[in-house]
Each structure stands twice: as structure tokens, then as C-alpha cells.
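Okay, so here's the structure we're looking at.
The values are calculated or read from the model by the stated rules, or taken from the named source; none is laboratory data. Worth saying up front: this structure is predicted, and the values here are computed from it rather than measured. Every residue, glycine among them, receives a Cβ derived from its backbone with ideal geometry; neighbour counts consider all protein chains shown.
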Amino acid sequence: MQLLASAPRMAEAVIHRAHVMDGLIDPAFANDVTHRDVLVAKVDAFLAEARSYEEIIDRARIIGQEQKFLIAAGLLSGTVSASGAGEQFTALAETLLNRLFGSVRTEFERRHGAMPGGRVALLAFGKMASREMTVTSDLDFILLYDAPDGESTGDKPLSTNHYYTRLTQRLVTAITAPTAEGVLYEADMRLRPSGNAGPLCHCHCRVPRLSPRQCSDSGTSRA
């Protein structure tokens, strides 16, 4: 109770999801909140049980809020160092972002098809890029694509730029839209190369500072 009294935001999380307290009394708690591989495995296992796109969106919010709570609890109790918490908050965000992007992309392709020869990557900025995220951090990222001019292969084809712009918008919505399970993260796009009014996605050929290694398909790179 002393832990919750010192952190009103955590107390609010318990009010909405009382079962997150179970994680604090689990003997494996210290190991779970300090190891990236354990965190990623938990997220993947929870998301794997989803039976629809909508359920994945909700499950991402449930596991995201739970793990944020546990990492914050570990930080306040001294189980996790400040730098370790930053790494874990970032690992959680990266995992959820990449998994949601995979689901968004699959759902998007059902309607608009794939873009022949296209490759995409998510590029992180700010606290996510420096691996210093906190429990209240938002996500700063852009989508990079490398694809020839043309149209997608679906029943409702889109031109290359329109395709990736719409795909990025769907991803941002999947992350930020409020559902019955709340909001996963806020997305701050002000760190985009062209600012808040700039495009949500960029063609790789127009971002010369980035190496091909940073544009590996579907990964999250840092700038």
C-alpha cells in the first residue's frame, strides 16, 4: 500500500485492473521485470491468444498497461535501476509497436493488397531511440519505405505514397485510439524530419542520412 500511496498513477491502474497486483507477489517478479527476453515472451504469448484484429488491439492495451505497472513498481521498490527501467519500458514499447504493425499490415493488405517490391521499417526518435522511456512516455517514430512507383495488388489498389501514408495512419490509430481497454500510447510526431505538419512516412531514397541496415524490413531502428 505504501508503494501505491507514493504513486497515484499506479494506484489508478490498480483500480482498473486489480489483478496486476498478482505480479508483485509472484516469486518470479524480480526476474520478470529485469529481463528483456522474459518481457517479450510474455507479450507475445498474450497477443497470440487473440482471435481477431480487434482483440489484438485490446490485448495490446491490457498487456501494455500491466507491464508498465510492473516495471514502474520494480523501479519504485528498487528492484530495477533507473537505466534498467528505461530499457524495459523501451523494450515493451518496441515489442508492442512491432507486433501491432504486423497485425495492422496484415489487416491492411486484406483490403489493399501488398506493394510489389516494397520494404518498410519503423524509425524511432526521442526517448524511444535513446532507450530512456518512462511509464508516461509517448512514441516518436516515422515509417520509412522503399518501393517503386506503382499500385498495390488488392481489390482496392493504392498508389505507392498513398499506400504507405494510409498504412502509417492505421498504425497510429491502432496505438492511440481509445478502446474499452484504454489507450496504448500517445504518438508524438513532432520529431519527424519535416515537423508535425510533415508526412507520416518517408521514402527511404529521400532520407540520405539513413543506411540500408536501418531499413531492414519491419524492424524498429533508432536515430
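Of the residues R119, R110, R61, only one is of a type in the set (D, E, K, R) and within 16 Å of the chain's Cα centre (by Cα); which? Walk me through it before giving the result.
Details: R119 fails: within 16 Å of the chain's Cα centre (by Cα); R110 fails: within 16 Å of the chain's Cα centre (by Cα).
Checking each option against the conditions leaves just R61.
Conditions tested, residue by residue: (1) in contact (Cβ under 8 Å) with a residue 24 or more places away in the chain; (2) of a type in the set (G, A, S); (3) farther than 17 Å from R166 by Cα.
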| position | (1), (2), (3) |
| --- | --- |
| E49 | no, no, yes |
| S52 | no, yes, yes |
| D58 | yes, no, yes |
| G74 | yes, yes, yes |
| A93 | yes, yes, yes |
| L96 | yes, no, yes |
| F125 | yes, no, yes |
Return yes or no: is A114 outside any helix (DSSP H, G or I) and at pLDDT 95 or above?
yes
Single unsatisfied condition, F108 versus (1) in contact (Cβ under 8 Å) with a residue 60 or more places away in the chain; (2) under 24 Å from C203 (Cα atoms); (3) in a loop (DSSP other than H, G, I, E, B)
(3)
Do we find that I56 is more than 14 Å from the chain's Cα centre (by Cα), of a type in the set (V, I, T) and at pLDDT 90 or above in this structure?
no
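Residue under question is I63, and the condition is that it be part of a helix (DSSP H, G or I), of a type in the set (V, I, T) and modelled with pLDDT of 60 or more; does it hold?
Values: part of a helix (DSSP H, G or I): yes; of a type in the set (V, I, T): yes; modelled with pLDDT of 60 or more: yes.
When the stated conditions are applied, I63 passes them.
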